[in-house]
Structures are given as structure tokens and as C-alpha cells.
Amino acid sequence: SQTIHQWPATLVQPVGSPLSLECTVEGTSNPNLYWYRQAAGRGLQLLFYSVGIGQISSEVPQNLSASRPQDRQFILSSKKLLLSDSGFYLCAWSLTGQGDQETQYFGPGTRLLVL
Amino acid sequence: GNSVTQMEGPVTLSEEAFLTINCTYTATGYPSLFWYVQYPGEGLQLLLKATKADDKGSNKGFEATYRKETTSFHLEKGSVQVSDSAVYFCALSDLGRDDKIIFGKGTRLHILP
């Protein structure tokens, strides 16, 4: 069966510091991968999605970036964090090829607080 | 473009009450519709889905019927429990358009014992 991992679970960082959040998926090949942000008490905002290694689409221009160095690894980064980057970051995956390609499966999330 | 509108919360009910969370959508194609649930401090979990008109998705006592004539996918449960307290997201996916899911803004549900 497939599983998705995110780490760290919680992170407190000062303004201006760098960021690296990691997401990995097990039990499937060539998944689509997604990064979302959920601000406190608000809905989901799609930040990036990837349909393959090195292929990243950005939904919202901002000081965040994403990379996919391996098939099942998706990394969210920033060179300098802003206060407004605080939130709950969710990684998700979906199947490609055969099977249910519409449903997305979410990781446990990383709670980021920028001070 | 495609969009999802769901009722704003929070919704507060007593245990064993009947639940309805309204969701309507706008889509140019033939989307699949979803309800996801997010328990406190966790990621989203798929609750149920329906892939075509008149389909009914169901899980854990929750139901939703894909109504094309009213472009709706309302979530219902006959008797809620305290453990149902969570945020519920209505969503749609249109693979003929792209690989993304469009989410509603979420409805927070509080169930009082």
C-alpha cells in the first residue's frame, strides 16, 4: 500500500532564515505531487505541483520554490522566510497511468511558525 | 473556470443531530466530486467521492449525491457524533482539464456532547 511522509512535523523559524520541507511517497511510481499551504482558519492554497522529476509548476508567485530530485521526493524551500509564510504545509500525491488518477492523498502536514 | 462554493462555518450541532453541509460547483466539463475531512492537527483524508451524475458517495455514515441539475454535492449524515468534529472540504476534479483539484474553503463542524 502507498504511504506519504512529511517532515518535520513542526518547525519554528526566524524571519529571514531558510526553509526546507521534505515529502516522500512510498508504494507507487511516477506519482503527481503537490504542495499546499493552509493558513490558520483558512482553506487550501495550491503552491506547486509536479508531474515528473524536475518538472515543477508554480501556482502562486512568492518566495517559495519546489524541487523534485527523485521520483517520489518533493521538497519545498525558501531562501528567506517571511512572517506570512507561517501556516500548515501539506504534501499530496495522486496516481498516474492506470487507476484512480483523480483522488489526491495527503500527508500529515508540517506546521511552520515564522517569528 | 471551475469553482467550488460551500457553506461557511462554523456549524455547531448537538450529538445525534442531522447534518447537512451545502456544496455547489461550477464546471465546464464533467468533473468528479469529493468530500475530504481534516481532523484537528492532521492532513486531509478522502471521505467520499462521486464520479458522475446521480452517483451517491458514502462512507462512515456520511452521504452525498452528485446532482448535475442543481450542480450540487451536499454532505449529509443522519446522526452526528462528537468524533465528527472536523473541517470538511468539498472539491472537484476535472481530468479533462488538468491534474488539479479545486477545493472549497472548508466548513468547520463542532459537535457538542
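The values are calculated or read from the model by the stated rules, or taken from the named source; none is laboratory data. Please read all numbers here as calculations on a predicted model, not as lab measurements. So basically every Cβ, Gly included, is an ideal-geometry build from the backbone, and we count neighbours across all protein chains shown.
Residues in segment A:78-115 that are among the acidic types (Asp, Glu) and crowded, with 19+ Cβ neighbours inside 10 Å: A:Asp85, A:Glu102.
Every residue in segment B:42-76 that is within 14 Å of chain A (Cβ to nearest Cβ), polar (S, T, N, Q) and surrounded by 15 or more Cβ atoms within 10 Å (Cβ to Cβ), please. Across segment B:42-76, the qualifying residue is only B:Thr51. Among residues of segment A:24-77 being among the hydroxyl-bearing types (Ser, Thr, Tyr) and surrounded by 20 or more Cβ atoms within 10 Å (Cβ to Cβ), the one that is nearest to B:Gly9 (Cα to Cα) is A:Tyr36. Looking at A:Thr3, A:Thr103 in this structure, which one is within 19 Å of B:Val87 (Cβ to Cβ) and hydroxyl-bearing (Ser, Thr, Tyr)? Exactly one residue qualifies, and that residue is A:Thr103.
Beta carbons closer than 6 Å, at least 6 apart along the sequence or on distinct chains, pair a first residue in segment A:81-106 that is more than 7 Å from chain B (Cβ to nearest Cβ) and free of Cβ contacts under 8 Å to residues at least 60 places away in the same chain with a second that is surrounded by fewer than 21 Cβ atoms within 10 Å (Cβ to Cβ) and of a type in the set (Gly, Ala, Ser) for A:Gly87/A:Ala39.
Restricting attention to segment B:91-111, the residues that are in a strand (DSSP E or B) and within 11 Å of chain A (Cβ to nearest Cβ) add up to 8. From the set of residues in segment A:80-108 that are at pLDDT below 95 and small (Gly, Ala, Ser), which is nearest to B:Gln45 (Cα to Cα)? It comes out as A:Ser94.
Restricting attention to segment A:22-42 and to residues that are out of contact with any strand residue (DSSP E or B) (no Cβ under 6 Å at 6 or more places or on another chain) and within 18 Å of A:Asp85 (Cβ to Cβ), the residue that is farthest from the other protein chains (Cβ to nearest Cβ) turns out to be A:Ala40.
Scanning segment B:22-31 for residues that are buried (at least 22 other Cβ atoms within 10 Å of the Cβ) and either within 12 Å of another protein chain (Cβ to nearest Cβ) or among the aliphatic types (A, V, I, L, M) (or both) returns a single hit, B:Pro31.
Looking at A:Leu112 and the list (1) in contact (Cβ under 8 Å) with a residue 60 or more places away in the chain; (2) in a loop (DSSP other than H, G, I, E, B); (3) under 26 Å from B:Gly9 (Cα atoms); (4) away from chain B (no Cβ under 11 Å), which single condition is not satisfied? The single condition A:Leu112 does not satisfy is (2).
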